[in-house]
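The values are calculated or read from the model by the stated rules, or taken from the named source; none is laboratory data. Note that the structure is predicted; figures quoted are calculated from it, not measured. Neighbour counts are summed over all protein chains in view; Cβ atoms, including those assigned to glycine, are modelled from backbone coordinates with ideal geometry. Each accessible area value is taken on the protein alone, full model and side chains, heavy atoms only, with ligands, DNA and RNA left out. Shrake-Rupley method; radii C 1.70, N 1.55, O 1.52, S 1.80 Å.
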Amino acid sequence: MATQYWYNTETHAVEEGRQSDWSKLMGPYATREEAEHALERARQRTESWDEEDRRSR
């Protein structure tokens, strides 16, 4: 299996392989860079979905 990367929402660190409790992790991601930007990507998706909701009203 290829290495997976996880973003730890408590420590704000990227973990190589799942090291922490699931409740603290976002992922898995294929690369360290993807994991480093996990919160930013989640924020962008949320904003996009919110905009879609506003348009559909």
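How far apart, in nm, are the 7 Å Cα→Cβ label points at residue 26 and residue 45?
0.9 nm
Using only protein heavy atoms and a 1.4 Å probe, report how much of residue 23 is accessible, in Å² to the nearest 10.
Residue 23 exposes around 90 Å² with every protein chain in place.
Which distance in Å, rounded to a whole number, links the C-alpha centroids of segment 42-57 and segment 1-33?
Using only Cα atoms to place each centre, the spacing works out to 26 Å.
Suppose every K and R has +1 on its Cβ and every D and E has -1 on its Cβ; what is the size of the dipole of the chain about the Cα centre, in Debye to the nearest 20?
180 debye
Just to confirm, what accessible area per residue do you get for the chain at 1.4 Å probe, in whole Å²?
78 Å²
Using Cα atoms only, what is the angle between the long axis of helix 38-55 and the major principal axis of the chain, expressed in degrees (0 to 90) to the nearest 10?
Roughly 20 degrees between the two axes.
Show me the trypsin sites (Lys or Arg not before Pro) within segment 1-53 that DSSP assigns to loop and that have at most 10 other Cβ atoms within 10 Å of their Cβ.
In loop regions of segment 1-53 (DSSP not H, G, I, E or B), there are no sparsely surrounded trypsin sites (Lys or Arg not before Pro).
Pick out, from 26, 46, 6, the residue whose Cα sits farthest towards the positive end of the charge dipole of the chain, with +1 on the Cβ of Lys and Arg and -1 on the Cβ of Asp and Glu.
Among 26, 46, 6, the one farthest towards the positive end of the dipole of the chain is 46.
Evaluate the relative contact order of the chain (contact order divided by residue number), counting alpha-carbon pairs under 8 angstrom at least 6 apart; express in whole percent.
That works out to 30 percent.
State the percentage of accessible surface on segment 1-55 attributable to carbon and sulfur atoms; use a 1.4 Å probe and exclude ligands, DNA and RNA.
45 percent
For residue 10, what accessible surface area do you get with a 1.4 Å probe? Give it in Å², rounded to 10.
120 Å²
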